[in-house]
1. From the backbone phi of the range B:132-142, what are the Karplus-calculated ³J(HN,Hα) couplings (6.51 cos²θ - 1.76 cosθ + 1.60, θ = phi - 60°) in whole Hz, Gly and Pro given as x?
2. With the cut-off at 1.5 for a/c, could you classify chain A from its C-alpha gyration tensor as rounded, prolate or oblate?
3. Counting other Cβ atoms within 10 Å, which GluC sites (Glu not before Pro) in the range A:147-186 have at most 14 and lie in a DSSP loop?
4. Counting alpha carbon pairs within less than 8 Å and at least 6 residues apart, what relative contact order, in whole percent, applies to the range A:656-752?
5. Any idea how far the Cα center of the range A:698-728 sits from the one of the range B:88-113, in Å?
6. Considering only DSSP states other than H, G, I, E and B, which GluC sites (Glu not before Pro) in the range A:674-746 qualify as loop sites with at most 14 other Cβ atoms within 10 Å?
7. When the helices in chain A are scored as -39500 (n - 2.57) per DSSP H run of 4 or longer and the sum is shared across all residues, what 222 nm value do you end up with, to the nearest 500 deg cm²/dmol?
8. Enumerate the amide H contacts of A:Ile703 below 5 Å, restricted to partners 5 or more residues apart or on another chain; note that Pro and chain-start residues carry no placed amide H.
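The values are calculated or read from the model by the stated rules, or taken from the named source; none is laboratory data. What you are looking at is a predicted structure, and each value in this text was computed from that prediction instead of being measured. When we count neighbours, we look across all protein chains shown, and the Cβ atoms used for this are built from the backbone with ideal geometry, even at glycine. The accessibility values were calculated without ligands, DNA or RNA, using every heavy atom of the protein model including side chains. Shrake-Rupley method; radii C 1.70, N 1.55, O 1.52, S 1.80 Å.
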Amino acid sequence: MTKYVGKNIPRLDGYDKATGRGLYTTDIYLPHMLHAAVLRSPYAHAKVISVDVSEAEKMEGVVAIATKDNTPRTYFNATASMFLTNLPDKPVLDQQIFSDVVRYIGDEVAAVAAETEAIAKEALKKIKVVYEELPAVYNVDDAMKDGAPQVQPDFSPGNNVCGGVVKIRYGDAEANWDKGEVFAETKVYMQRIKQAQLETHGAVADYNPKGHLKVYSTTQTPYPAKMILATIFDMPASNVHVKNPPYVGGGFGVRIGLSAKAEAIASALSILAKRPVKYIYSRSEDFLTSDSRHEGYIVSKISAMKDGTFVALDTRAYMNTGAYATLGVELAGVTGANGTSGAYRFPNIHYDGYVIYTNQETAGAFRGFGAPQGAFALETCVDQLAKQLGRDPLDLRLQNALRDGDEWWFPYPITSCKLMDCLKEAAKSIGWDEKRGKKQTGTIRRGVGIGCGTHVSNGAPFCLDYNAAFMRIEVDGSLLVSSAVPEIGPGSTTGLLQIAADAVGVPMENARFAFGDTDVAPFDVGSHASRTLYSAGYLLVRLAVDLREQIFEWAGKFLDVDPSTLDLVDGQIVSKCDAAEPHIEPTPLSYLAHQAHLRAKQFVVSGCKAPTNSPPFHAHAAEVEVDMETGMIKVLKLAAAHDVGVAVNPILVEGQIESGLIMGLGYALREEMTYQEGKGFYNDSYHKYMLPTMDETPEMESIIVEGFDPDGPFGVKGVGECGMIPTAPAIVGAVEDAIGIRFYEIPLTPGRVLKKIKEVYGD
Amino acid sequence: MKERLVTTVNGRRIERYVDPSMRLVDFLRDELLLTGTKIGCKQGECGACTIIMNGTAVLSCIMPVMKAMDAEILTIEGLEKDGKLHPIQDEFIKGGAIQCGFCTPGFIMGAKALLDENPSPTSEEVREELSGHICRCTGYKKIEDAVLKAAERLREEKDD
């Protein structure tokens, strides 16, 4: 029996956040602090011949100006992949703070630190830059042509392919292809979208000329951020301190590693100025100059038997990764792994993922990390196959869905799988049997659709994953847990303390979590890959065993009983239920810890551990309404059934699912970054980027399918990204059910939908 | 050129000489260090900077600071009274309506202005009224539920 795991404990940071007390990077004001502004390239591709700062320097209030001429030229990768890429692969280090070449509109050229932000911005206008424009390339197909302009000639010689082609092979798709009797093929196109997290990127860097650098940061991976900064500035990592303040206003993948270049630029300026420097991205900078979701296209082919059994899957993905690699290469792996190959029984798989450099804003990590793209491609093809076979799409999925005990191609086993239940529950919630395939006429037409998928509970083994942590019992018997996980929103720090309190056996109100700070807390990879609760929890439950042993050993001597008969329940040392009589009088841990302290003993454990991985599974169903006259699509309901093992805090799990549902709705129907050659992306503000708002939220039902994962701490699996993955497939499938038109390109904006309706049905 | 500003913030009378070109949000955050009010866009598009001025929800990021002259301003910091959370704050915490928390102060202030004006809003009215606030984390459903629950509690408190 757990006292906290499985309960809707109100999140521990709720009070701070609801009262305005909670601090974010943007709320940090240090004495003597300067403000930064950044000069960015107006060209998509150009050589930077010279940067003349002489006029700008003369301005009153300007304290330091950083350019390629006075900052380190170290090559780095601004994402955590710089330190998490698994051997023998090497990360692509293709970025510099400021470079001799600018590779997209918005690329950094210089930065100013001044007494006020207004002065810093004014000074930018006085910096004279001489550029030599170079030919540029903006999409995957053009970039792959012979003789195409080379975006990163040093890192992708001759072909703009970033990091090499990502290949997945399982069974033998080629040899077995013709064993199938029915063949489906689809090509889908997906747009670039933006994380648009509420807090823009930011950092406050405070360099001490004695050689210590402290950086308040919006990073979702404090340790990797620290290691990247130490490399860039050639400093001992022990002299670089990265700290969330402690809250971060959303992440969604966009700040795995540095927060774009906020930390690097603030630090470079602070080193030059020898004063603290605050650099907060404007909303426009955030939209235009930080990683986005990859746009691109995916060609999927399924070979199947006439009875619907899948024989082989062949997928080729072509993704636009923009000007720099960041996490593009890893992402192509996940597109092929979790995105396309993960949820079904495919005995034969062939996947090639091409991540292509272009002269556009970089694409990198964004909730789902390539899986939403892969899932949209595969689910479109599965729907196509169902149509060819004359089968119900739900039925075909149930036939081929993975289940417990199945073999698959991943290098770790399916530890638990309730995908079948997910599919059935989602379908039931949406009213599949009553609603699917009902002929629709008139102006407003309704339909239902379904999609499913899988993801990960951490990055392993695709990238390095482990945690270090310590746990100690304070002199008053309370518990302090520490690992440098960030709190970017999901409530991981609450969930982890629920796990720790239960695992140790102390009341949660007497427990505290020190997190998000590299000087205070031991190593954590950071929040990505839906990992935090799973990976950090994986270690905490193991450390709790050591801590209890230590307590029992000392308590045994102190109380003169056999340590193996002792238990710790709710902060009291008691005899185990099954221990021989007589049982000891319950002894408060507070008393014991104090007595231990008086005898020079503290209960403290630390350790580090790499977790295994456990795949979560999920299915989403959607009901939509399409207006045949306007092309407007209204989502009436989204039903999401998730196998996440045990839900440590169900209300927080629902929060993750609902969050992903609405983000997925935006992906399917409206969000889109639109490029204008010569100008860059149009969408430089919330106003120009159509995020879903409260008035459009459909009915949502989150169904947590009861499960238990044998490897997860207390049975948990990852959930953070899952809600994003099969949403677009379900919605697009529902639109086809409503109006008989299959869309192979998202988002389904009214214009796009109406055009197609007119093509098919006439005016 | 600085101008004299007299205003009341969370019940405290403030008199300062300010740069009149300043936005109200910068005055609150930079000058008064009331950093609970957040800046999400600085263009009046996301609602994170919402405060209540003379009983109405306003976007402090596009409000010139001199508009605060002789005004009564309430920010998120002024909502908790005598160590007791406002029911909206409490319901946001209990109902899972908070994730990263960056939009939360704006949402709570927007919700307060709404419930002050309309103590019994329908679900549709809540959605309509708060649709100017962007939240990228929650999917909005739990925020809507929290506001409706807080409305119910506030009505009950009034009846008592």
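1. x, 9, 9, 10, 9, 9, 8, x, 6, 4, 6
2. Values: a/c = 1.85, a/b = 1.08, b/c = 1.72.
Note, shape of chain A comes out oblate.
3. Details: sites: A:Glu174, A:Glu181, A:Glu185; in loops: A:Glu181.
For GluC sites (Glu not before Pro) across the range A:147-186 that sit outside H, G, I, E and B with at most 14 neighbouring Cβ atoms in 10 Å, the list reads A:Glu181.
4. On the way: 94 pairs, mean separation 43.7, N = 97.
That works out to 45 percent.
5. Rounded to whole Å, the Cα centres lie 24 Å apart.
6. Details: sites: A:Glu677, A:Glu696, A:Glu699, A:Glu701, A:Glu706, A:Glu721, A:Glu736, A:Glu745; in loops: A:Glu677, A:Glu706, A:Glu721.
Sites meeting the loop and neighbour criteria: A:Glu677, A:Glu706.
7. On the way: 20 runs with 201 residues, N = 763.
Computed mean residue ellipticity for chain A: -7500 deg cm²/dmol.
8. Excluding prolines and chain starts, which carry no amide H, the hits are A:Ala640, A:Ala641, A:His642.
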